[in-house]
1. Please go through region 162-188 and pick out each residue that is modelled with pLDDT under 75, hydrophobic (A, V, I, L, M, F, W, C) and surrounded by fewer than 12 Cβ atoms within 10 Å (Cβ to Cβ).
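The values are calculated or read from the model by the stated rules, or taken from the named source; none is laboratory data. The model shown is predicted, which means the values in this text are computed figures rather than measured ones. Here the Cβ positions follow ideal geometry from the backbone for every residue, glycine too, while neighbour counts run over all protein chains shown.
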Amino acid sequence: MGGCISIQVSCDQVLNRAGSCLWRKGNHIGNLEKNLVALEKSMEVLKARRDDVLTRVQREEAKGQQRLNEVQVWLTSVHTIENHFDDLNITRTMELQRLCLCGVCSKNLKSSFHYGRRVSQMLKEVENLKSNGVFEAVALEKPDMRCVVEERPLQPVIFGQETMLEMAWNRVMDNETAIMGLYGMGGVGKTTLLTHINNKFRETVDGVQVVIWVVVSTGREDSR
(Lines give C-alpha, C1' and ligand atoms only; values in the text may rest on other atoms or scores of the structure.)
Protein backbone atom coordinates (compact mmCIF):
# COMPACT_ATOMS: atom_id res chain seq x y z
CA MET A 1 0.00 0.00 0.00
CA GLY A 2 1.14 3.45 -0.75
CA GLY A 3 2.10 5.86 1.96
CA CYS A 4 -0.38 8.46 3.15
CA ILE A 5 0.61 11.95 4.19
CA SER A 6 -1.63 13.99 6.43
CA ILE A 7 -1.37 17.78 6.40
CA GLN A 8 -3.19 19.70 9.04
CA VAL A 9 -3.70 23.44 8.66
CA SER A 10 -5.43 25.52 11.22
CA CYS A 11 -8.74 26.98 10.05
CA ASP A 12 -7.86 30.25 11.78
CA GLN A 13 -4.63 30.50 9.77
CA VAL A 14 -6.50 30.06 6.49
CA LEU A 15 -9.08 32.65 7.45
CA ASN A 16 -6.38 35.09 8.61
CA ARG A 17 -4.43 34.76 5.36
CA ALA A 18 -7.53 35.10 3.21
CA GLY A 19 -8.76 38.00 5.29
CA SER A 20 -5.40 39.75 5.02
CA CYS A 21 -5.44 39.41 1.21
CA LEU A 22 -9.01 40.62 0.95
CA TRP A 23 -8.28 43.52 3.31
CA ARG A 24 -5.39 44.72 1.14
CA LYS A 25 -7.65 44.68 -1.90
CA GLY A 26 -10.62 45.98 0.02
CA ASN A 27 -8.55 48.87 1.33
CA HIS A 28 -8.33 50.33 -2.20
CA ILE A 29 -11.95 49.40 -2.91
CA GLY A 30 -13.47 50.38 0.42
CA ASN A 31 -11.69 53.75 0.43
CA LEU A 32 -12.32 54.47 -3.25
CA GLU A 33 -15.06 57.06 -2.83
CA LYS A 34 -13.24 58.80 0.02
CA ASN A 35 -9.94 58.86 -1.91
CA LEU A 36 -11.62 60.23 -5.03
CA VAL A 37 -13.08 63.13 -3.05
CA ALA A 38 -9.70 63.79 -1.41
CA LEU A 39 -7.93 63.60 -4.77
CA GLU A 40 -10.32 66.08 -6.35
CA LYS A 41 -9.82 68.59 -3.52
CA SER A 42 -6.04 68.16 -3.61
CA MET A 43 -6.00 68.73 -7.36
CA GLU A 44 -7.92 71.99 -6.91
CA VAL A 45 -5.33 73.21 -4.39
CA LEU A 46 -2.46 72.07 -6.65
CA LYS A 47 -3.90 73.90 -9.67
CA ALA A 48 -4.35 77.06 -7.62
CA ARG A 49 -0.74 76.83 -6.43
CA ARG A 50 0.38 76.24 -10.03
CA ASP A 51 -1.46 79.38 -11.14
CA ASP A 52 0.15 81.42 -8.35
CA VAL A 53 3.63 80.18 -9.27
CA LEU A 54 3.03 80.93 -12.96
CA THR A 55 1.91 84.45 -12.10
CA ARG A 56 5.13 85.02 -10.14
CA VAL A 57 7.23 83.55 -12.96
CA GLN A 58 5.59 85.71 -15.62
CA ARG A 59 6.03 88.82 -13.49
CA GLU A 60 9.75 88.13 -13.02
CA GLU A 61 10.25 87.25 -16.68
CA ALA A 62 8.66 90.57 -17.62
CA LYS A 63 11.49 92.20 -15.65
CA GLY A 64 14.05 90.35 -17.78
CA GLN A 65 14.74 87.49 -15.37
CA GLN A 66 14.91 83.80 -16.24
CA ARG A 67 12.79 81.10 -14.54
CA LEU A 68 14.60 78.53 -12.42
CA ASN A 69 15.00 75.01 -13.79
CA GLU A 70 13.48 73.45 -10.67
CA VAL A 71 10.40 75.62 -11.10
CA GLN A 72 10.03 74.54 -14.73
CA VAL A 73 10.40 70.86 -13.74
CA TRP A 74 7.69 71.30 -11.09
CA LEU A 75 5.33 73.02 -13.54
CA THR A 76 5.86 70.21 -16.05
CA SER A 77 5.12 67.60 -13.38
CA VAL A 78 1.90 69.39 -12.44
CA HIS A 79 0.85 69.44 -16.09
CA THR A 80 1.54 65.70 -16.37
CA ILE A 81 -0.39 64.77 -13.22
CA GLU A 82 -3.27 66.96 -14.36
CA ASN A 83 -3.51 64.96 -17.60
CA HIS A 84 -3.43 61.69 -15.66
CA PHE A 85 -6.19 62.97 -13.37
CA ASP A 86 -8.34 63.81 -16.39
CA ASP A 87 -7.80 60.28 -17.75
CA LEU A 88 -8.75 58.82 -14.38
CA ASN A 89 -11.97 60.81 -14.34
CA ILE A 90 -13.13 59.31 -17.64
CA THR A 91 -14.04 55.98 -15.97
CA ARG A 92 -14.89 57.43 -12.54
CA THR A 93 -18.67 57.07 -12.84
CA MET A 94 -18.44 53.52 -14.17
CA GLU A 95 -16.07 52.43 -11.40
CA LEU A 96 -18.27 53.91 -8.69
CA GLN A 97 -21.29 52.10 -10.12
CA ARG A 98 -19.43 48.80 -9.71
CA LEU A 99 -19.29 49.21 -5.93
CA CYS A 100 -21.75 47.26 -3.81
CA LEU A 101 -22.45 46.45 -0.16
CA CYS A 102 -22.21 50.11 0.83
CA GLY A 103 -18.95 50.53 -1.08
CA VAL A 104 -16.94 47.84 0.69
CA CYS A 105 -17.10 45.39 -2.21
CA SER A 106 -17.32 45.44 -6.00
CA LYS A 107 -19.07 43.61 -8.80
CA ASN A 108 -15.65 43.43 -10.46
CA LEU A 109 -12.99 43.08 -7.80
CA LYS A 110 -10.02 43.12 -10.18
CA SER A 111 -11.06 46.28 -12.02
CA SER A 112 -12.06 48.12 -8.86
CA PHE A 113 -8.84 47.12 -7.11
CA HIS A 114 -6.60 48.41 -9.93
CA TYR A 115 -8.61 51.62 -10.24
CA GLY A 116 -8.58 52.19 -6.50
CA ARG A 117 -4.82 51.63 -6.39
CA ARG A 118 -4.32 54.24 -9.14
CA VAL A 119 -6.42 56.73 -7.20
CA SER A 120 -4.46 56.06 -4.01
CA GLN A 121 -1.08 56.43 -5.74
CA MET A 122 -2.12 59.60 -7.54
CA LEU A 123 -3.34 61.12 -4.28
CA LYS A 124 0.14 60.61 -2.81
CA GLU A 125 1.79 62.15 -5.89
CA VAL A 126 -0.49 65.21 -5.79
CA GLU A 127 0.18 65.72 -2.08
CA ASN A 128 3.92 65.49 -2.77
CA LEU A 129 3.69 68.07 -5.58
CA LYS A 130 1.72 70.39 -3.32
CA SER A 131 4.41 70.27 -0.63
CA ASN A 132 7.19 70.80 -3.20
CA GLY A 133 5.44 73.75 -4.86
CA VAL A 134 6.60 76.37 -2.36
CA PHE A 135 9.47 78.43 -3.83
CA GLU A 136 11.33 81.30 -2.19
CA ALA A 137 12.46 82.41 -5.63
CA VAL A 138 11.10 81.46 -9.05
CA ALA A 139 13.57 83.31 -11.31
CA LEU A 140 17.08 84.78 -11.38
CA GLU A 141 18.90 87.39 -13.39
CA LYS A 142 19.76 86.15 -16.87
CA PRO A 143 23.44 85.36 -17.46
CA ASP A 144 25.48 88.16 -18.98
CA MET A 145 25.22 87.75 -22.76
CA ARG A 146 27.14 90.84 -23.74
CA CYS A 147 28.94 90.59 -27.03
CA VAL A 148 32.57 89.43 -26.84
CA VAL A 149 34.52 92.02 -28.80
CA GLU A 150 38.20 92.92 -28.70
CA GLU A 151 38.33 96.71 -28.79
CA ARG A 152 40.76 97.94 -31.44
CA PRO A 153 42.69 101.23 -31.43
CA LEU A 154 41.06 103.88 -33.61
CA GLN A 155 42.79 105.95 -36.25
CA PRO A 156 41.95 109.67 -36.51
CA VAL A 157 38.37 110.17 -37.67
CA ILE A 158 38.06 111.28 -41.27
CA PHE A 159 35.77 114.26 -41.83
CA GLY A 160 32.30 113.20 -42.95
CA GLN A 161 32.79 109.57 -41.89
CA GLU A 162 30.06 109.81 -39.20
CA THR A 163 27.32 109.60 -41.86
CA MET A 164 28.98 106.67 -43.58
CA LEU A 165 29.40 104.91 -40.20
CA GLU A 166 25.70 105.33 -39.43
CA MET A 167 24.70 103.97 -42.84
CA ALA A 168 27.05 100.97 -42.56
CA TRP A 169 25.96 100.22 -38.99
CA ASN A 170 22.26 100.30 -39.87
CA ARG A 171 22.94 97.92 -42.73
CA VAL A 172 24.89 95.52 -40.49
CA MET A 173 22.06 95.44 -37.92
CA ASP A 174 19.42 94.87 -40.60
CA ASN A 175 18.10 91.31 -40.22
CA GLU A 176 17.86 90.96 -43.99
CA THR A 177 21.57 91.65 -44.54
CA ALA A 178 23.67 88.50 -44.72
CA ILE A 179 26.94 90.04 -45.92
CA MET A 180 28.26 93.54 -46.49
CA GLY A 181 31.42 94.73 -48.21
CA LEU A 182 33.42 97.98 -47.88
CA TYR A 183 35.40 99.04 -50.92
CA GLY A 184 37.26 102.11 -52.13
CA MET A 185 40.67 103.51 -52.95
CA GLY A 186 43.48 103.08 -50.47
CA GLY A 187 43.53 105.71 -47.72
CA VAL A 188 39.83 106.70 -47.88
CA GLY A 189 39.18 105.24 -44.41
CA LYS A 190 37.87 101.71 -44.95
CA THR A 191 39.89 100.27 -42.06
CA THR A 192 38.96 103.15 -39.77
CA LEU A 193 35.28 102.70 -40.60
CA LEU A 194 35.50 98.95 -39.99
CA THR A 195 37.28 99.56 -36.69
CA HIS A 196 34.46 101.87 -35.58
CA ILE A 197 31.94 99.15 -36.45
CA ASN A 198 33.97 96.53 -34.55
CA ASN A 199 34.15 98.66 -31.41
CA LYS A 200 30.49 99.64 -31.67
CA PHE A 201 29.51 96.01 -31.08
CA ARG A 202 30.75 96.44 -27.51
CA GLU A 203 27.80 98.76 -26.91
CA THR A 204 25.03 96.43 -28.11
CA VAL A 205 23.61 92.97 -27.39
CA ASP A 206 21.32 92.73 -30.42
CA GLY A 207 21.75 88.97 -30.87
CA VAL A 208 25.53 89.23 -31.57
CA GLN A 209 27.71 87.28 -29.15
CA VAL A 210 31.12 87.09 -30.81
CA VAL A 211 32.88 89.39 -33.29
CA ILE A 212 35.98 88.06 -35.06
CA TRP A 213 38.49 90.34 -36.77
CA VAL A 214 40.47 88.54 -39.49
CA VAL A 215 43.25 90.00 -41.63
CA VAL A 216 43.90 88.25 -44.97
CA SER A 217 46.94 89.21 -46.98
CA THR A 218 46.51 89.47 -50.77
CA GLY A 219 50.17 90.12 -51.49
CA ARG A 220 49.59 93.77 -52.34
CA GLU A 221 47.52 95.00 -49.41
CA ASP A 222 45.57 93.63 -46.51
CA SER A 223 41.95 92.68 -47.13
CA ARG A 224 39.63 92.82 -44.15
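1. Within region 162-188, just A178 meets the criteria.
Residue-by-condition table, conditions (1) at pLDDT 95 or above; (2) within 30 Å of V138 (Cα to Cα); (3) exposed (fewer than 11 other Cβ atoms within 10 Å of the Cβ):
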residue: C11; (1), (2), (3): no, no, yes
residue: A18; (1), (2), (3): no, no, yes
residue: N27; (1), (2), (3): no, no, no
residue: L39; (1), (2), (3): no, yes, no
